[in-house]
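Report on the following structure.
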């Protein structure tokens, strides 16, 4: 990893699918679980380095995620694709915009931008309403680009009929919302040691990877450690699924932090909250 990428903190802001977990009205064991690893907000991550703080996606839970993590500054948002669970919180960027006194840079593909303009039409009017968010749109394609001390390589994915983007930064990659993965993409992920990749559920799905498919991707890439995100309640209890996974693989969970330094990743687990959950189960 280059010198300018020696310190990078990845925070899993949310690890759930479009409905989140628990699902409204559901009484399954996962939705009733007291384990904090089974409470999943909509999928997103935060990337922090000595120079920049960048979010990947801003879904409907964005405000809650920022407050939970105590984030007071944001430099840019990368948009994977235009589904509501990935763009539903873009209006909540306003506090950062007002504090910075500048539009928020959004890195958006040509296919996602029209939906964002439709959803947030008031932000793109010629004479916007006072207090509306302002965005600085940067075209996202497969061209690498730099944000502060981050060198970001976008990778185009097929998400059923849509285009979605993965992001590689040195030995780390974030890959979510895809229905298939080609040999070419596997080749472009070679050298990635720390991978966060979606795994919706165990059963085959038309627009998302299953757990087995995501495990296969990690094996083909040859990662040291892999965390599975965008999980639905049908995946099962985190504690049980983790016991079945190969060594070096586990389900991601909200609040998980990965510190990547000099090519080595350490995992910071919130032992306090998990211990409290385990204690409650034993009583």
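Overview of values
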quantity	calculated
Residue list for the range 190-226, filter: in a loop (DSSP other than H, G, I, E, B) and over 20 Å from residue 259 (Cα atoms)	190, 199, 200, 202, 203, 204, 205, 206, 207, 208, 209
Given (1) crowded, with 20+ Cβ neighbours inside 10 Å; (2) closer than 29 Å to residue 186 by Cα, number of the condition residue 110 does not satisfy	(1)
Only one of 68, 63, 37 that is assigned to a helix (DSSP H, G or I), over 17 Å from residue 120 (Cβ atoms) and either modelled with pLDDT under 95 or touching a helix residue (DSSP H, G or I) at 6+ places or on another chain (Cβ under 6 Å) (or both)	37
First in the range 237-253 and more than 15 Å from residue 33 (Cα to Cα), second anywhere and at pLDDT 95 or above and assigned to a loop (DSSP other than H, G, I, E, B), Cβ under 7 Å, 6 or more apart	248/224; 252/15
The one condition in (1) surrounded by fewer than 18 Cβ atoms within 10 Å (Cβ to Cβ); (2) under 18 Å from the mean Cα position of the chain (by Cα) that residue 165 fails to fulfil	(1)
Residue satisfying all of: in the range 126-143; surrounded by 10 or more Cβ atoms within 10 Å (Cβ to Cβ) and more than 28 Å from residue 184 (Cα to Cα); farthest from the chain's Cα centre (by Cα) among these	128
Total residues in the range 1-28, condition out of contact with any strand residue (DSSP E or B) (no Cβ under 7 Å at 6 or more places or on another chain), modelled with pLDDT of 95 or more and not in a loop (DSSP other than H, G, I, E, B)	0
Considering residues of the range 227-240 that are assigned to a loop (DSSP other than H, G, I, E, B) and in contact with a strand residue (DSSP E or B) (Cβ under 6 Å, 6 or more places away or on another chain) only, the residue surrounded by the most Cβ atoms within 10 Å (Cβ to Cβ)	230
Filtered residue count, the range 185-222, keeping only those that are farther than 17 Å from residue 155 by Cα and buried (at least 22 other Cβ atoms within 10 Å of the Cβ)	3
Residues of the range 57-90 classified as at positive phi and surrounded by fewer than 18 Cβ atoms within 10 Å (Cβ to Cβ), total	1
Residues satisfying the stated conditions in the range 91-101, i.e. surrounded by 12 or more Cβ atoms within 10 Å (Cβ to Cβ) and either more than 20 Å from the chain's Cα centre (by Cα) or in a loop (DSSP other than H, G, I, E, B) (or both)	94, 95, 97, 98, 100
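The values are calculated or read from the model by the stated rules, or taken from the named source; none is laboratory data. Everything quoted here is computed from the prediction, not taken from an experiment. Quick reminder, even Gly has a Cβ in these numbers, built from the backbone with ideal geometry, and neighbours come from all protein chains shown.
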